[in-house]
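Structure record follows, encoded as structure tokens.
The values are calculated or read from the model by the stated rules, or taken from the named source; none is laboratory data. This is a predicted model, so every value here is computed, not measured. Positions of Cβ are backbone-derived with ideal geometry, glycine not excepted, and every protein chain shown enters the neighbour counts. The accessibility values were calculated without ligands, DNA or RNA, using every heavy atom of the protein model including side chains. Shrake-Rupley method; radii C 1.70, N 1.55, O 1.52, S 1.80 Å.
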Amino acid sequence: IAITTGAPAGIGPEIIEKALRSGELPAGFEFQVIGNREAGTPGQPDQRSARAALDALHEASDRLNRDECHAVVTGPVSKQQLQSVGFPFPGQTEFFAHAAGIEEVAMCLTGRTLTVALATVHTALANVPKELSTEGITRTGLLLAAFLQRRNIARPRIAVAGLNPHAGEGGAFGDEESSIIAPAIERLNQTDVGIFFGPEVPDAVFRDAAHGRFDAVLAMYHDQGLIPLKLLDFDTAVNVTLGLPKPRTSPDHGTAFGIAGKGVADPSSMIHAIRLACELA
């Protein structure tokens, strides 16, 4: 299992070290840390630390493509810092999809309480309605169902959230539910990979999922899905890229430059990310 340090000026190196010493990782795996943790001062990101983070990503993707590792766990990075040294992608999800030559991927976060996949990811909120499509929602739903089946849920129950308040209230607050989302749910239920429900009212569906009515929620945009997940599962949630040939996971949090180097960073999400990578591998 390859583990990238992420931004050396952030908490990545610290939480990786704590995770490897935690005694909570499964036996029978070899862990290889990729990246120069000395390339930067904790809490003071600069061009040098950004380049080191980018170099680690390239090395990890190369190892995956050469079959030199079975999965990769990525430490937290600053997208702004990466882009300052020529990183052309919105995030690590898109980077690994491009490196693998895969177009159909999706971002999913899974914790003890919730599992959430996103129909759109790193896009401005104003652009979400324009980027939503029946085809894209269908594709993400299939990837999410396959992920849940891989985790031994034979016939997953997946709620598909609406986009608008009250799931559009019959068209009073928007028609994306009837014109885009409902047709995707109909297509998904024709595939027999799981049972898809919706469009569900966004402000209630996560409570229902947390209480066990659904195995996962397919959210329409980034914060719709990640706010409830991070509220309930911040310390245990893992980011996993669905659709790649080999597993890629990551903690659900960022670089936390403000506490880097102080020895107080919580490694829980990194531990869960490594454990999930091992499980999927």
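Got a number for residues in segment 108-117 being open to solvent by 30 Å² or more (accessible area, probe 1.4 Å) and either under 19 Å from Ile137 (Cβ atoms) or not in a loop (DSSP other than H, G, I, E, B) (or both)? So the count comes out to 0. Could you list, in sequence order, all residues of segment 83-134 that are under 29 Å from Ala182 (Cβ atoms), β-branched (Val, Ile, Thr) and in contact with a Leu (Cβ under 8 Å, 6 or more places away or on another chain)? Listed by number, the residues that qualify are Ile102, Val105, Thr110, Thr113, Thr115, Val116, Thr120, Val128.
Screening the candidates Thr120, Thr140 for the property of being open to solvent by less than 40 Å² (accessible area, probe 1.4 Å), outside any helix (DSSP H, G or I) and of a type outside the set (A, V, I, L, M, F, W, C) yields one hit, Thr120. Pairs are defined by a Cβ separation below 7 Å, a sequence spacing of at least 6 or placement on different chains, a first member in segment 62-73 that is under 11 Å from Ala281 (Cβ atoms), and a second member that is surrounded by 20 or more Cβ atoms within 10 Å (Cβ to Cβ) and of a type in the set (Gly, Ala, Ser); the pairs so defined are Cys69/Ala2; Ala71/Ala277; Val72/Ala2; Val72/Ala60; Val73/Ser250; Val73/Ala273; Val73/Ala277.
Counting residues in segment 208-226 that are within 30 Å of Glu14 (Cα to Cα) and aliphatic (A, V, I, L, M) gives one or more.
Among the residues of segment 26-40 satisfying the criterion of being more than 23 Å from the chain's Cα centre (by Cα), within 12 Å of Gly12 (Cβ to Cβ) and of a type in the set (Gly, Ala, Ser), which is modelled with the lowest pLDDT? Of everything passing the filter in segment 26-40, Gly40 is modelled with the lowest pLDDT. In segment 186-198, the qualifying residues are those that are within 22 Å of the chain's Cα centre (by Cα) and of a type outside the set (Phe, Trp, Tyr), and the one that is surrounded by the most Cβ atoms within 10 Å (Cβ to Cβ) is Leu188.
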